[in-house]
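Beneath this line is the structure, given in structure tokens, with notes to follow.
The values are calculated or read from the model by the stated rules, or taken from the named source; none is laboratory data. All of these numbers come straight from a predicted model, not from anything done at the bench. Cβ coordinates were reconstructed from backbone atoms using ideal geometry, including for glycine residues, and neighbour counts include every protein chain displayed. Ligands, DNA and RNA are stripped out before the accessible areas are found, and what is left, the full protein with its side chains, is counted by its heavy atoms. Shrake-Rupley method; radii C 1.70, N 1.55, O 1.52, S 1.80 Å.
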Amino acid sequence: MLALLVLAILVGGSLQRVTGMGFGLVAGPFIVLLVGPLEGVLLVNVVGAAMALLIVGRVLRGVDWRRYGWLAAASVSVSVPAALLLRDASPAALEVGIGSVVVGAMTLALVTSRLRGERRRFGERDPRPLIVTGVASGFGSVAAGIGGPPLAVYAVLDRWDTKSFAATAQPFFMTNALAAMAAKIAFADATFPAFAWWEWLVIAGALVGGIGLGELLAPRLSREATRRVLIVLAYAGGVATLVRGLVHLLA
């Protein structure tokens, strides 16, 4: 299990560095599948926050702090209500929900990407789309450790510059993950996986290794190739988690 966990973190971390997002989408479903829904999502939050913290130092100059402020405020505001709503959910139901969120979110992002064009969908200073995006991302982070798809949908609709998006996503994901983690520990009785100390060190090494791998791959992979890999892996992880939850519900 640890080997598969390390592989998921390596792949997700490298995609996070290359594209600005992808860890929760790609690694999240597999981590939940391996560790379990409650502990798995908490682990995704922890690793995701640490990964964003390591990356943000390299992209700090490109952060759009106005967008970040609206997104983060909206996301943090829903963390506690989302944790309270999910407190009494069964593990199998959470797995079904997590798998459905991944598959649905990826489908929505793919459909939305067809809307590309020159015209922006939102006013330049309009905070309302950012607030809606932050709320959706915050709830997804608490429920499934996945806050990226709503942000990706907003970026496509608003024609957000890819470099600015990738940079701004890092402090937002870090804030999002920390808020979700704190809310679940305080209000949903979530606990960390019972790993040995050396297993946590291996996970930390995989986190750093994933970012390093992304640094090597970034100049060698086209955005389209990276996007296709992310989509395939995210769908595979989402479907696997959804099927496992359905099997447990029907057993």
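What to note about this one:
- A 1.4 Å probe over all protein chains sorts Trp70, Trp65, Trp160 by accessible area into Trp65, Trp70, Trp160, starting with the largest.
- Over all other residues within a Cβ to Cβ distance under 14 Å of Leu34, the charged ones net out to -2, with Lys and Arg as +1 and Asp and Glu as -1.
- Under conditions of 10 °C and 1.306 mPa s, the range 142-251 yields 93 µm² s⁻¹ as its translational diffusion coefficient, taking Rh as the Kirkwood radius over Cα pairs in the Stokes-Einstein equation.
- Residue-span extension gain [Arg58 to Leu2] - 0.36 nm each, minus C-alpha spacing: 17.3 nm
- Helical content alone sets the calculated 222 nm signal of the chain at -26500 deg cm²/dmol, taking -39,500 (n - 2.57) per DSSP H segment of four or more residues and averaging over every residue.
- DSSP-assigned coil residues among trypsin sites (Lys or Arg not before Pro) in the range 189-251, each with at most 14 further Cβ atoms within 10 Å: Arg220
- Across the chain, Cα-Cα pairs farther apart than 27 Å form 29% of the total.
- Efficiency of FRET from Cβ geometry, Arg87 and Leu216, R₀ 45 Å, rounded to 0.05: 0.60
- Fraction of accessible area attributable to carbon and sulfur, the chain (%, probe 1.4 Å): 68 percent
- Each Lys and Arg adds +1 at its Cβ and each Asp and Glu adds -1 at its Cβ; summed about the Cα centre, the chain shows a dipole of about 900 debye.
- Per-residue ³J(HN,Hα) for the range 151-167, Karplus 6.51 cos²θ - 1.76 cosθ + 1.60, θ = phi - 60°, Hz, x for Gly and Pro: 5, 5, 4, 4, 4, 5, 5, 8, 6, 5, 3, 4, 5, 5, 4, 4, 6
- Shown is the FRET efficiency for Ala73 and Val208, computed with R0 = 25 Å from the Cβ-Cβ distance and rounded to the nearest 0.05: 0.25.
- Multiplying the residue separation of Lys163 and Ala236 by 0.36 nm and removing their Cα-Cα distance gives an extension gain of 23.5 nm.
- Alpha-carbon centroids, the range 141-155 and the range 79-110: separation in whole Å: 11 Å
- Per-residue accessible area (protein heavy atoms, 1.4 Å probe) orders Tyr154, Tyr68 as Tyr68, Tyr154, starting from the largest.
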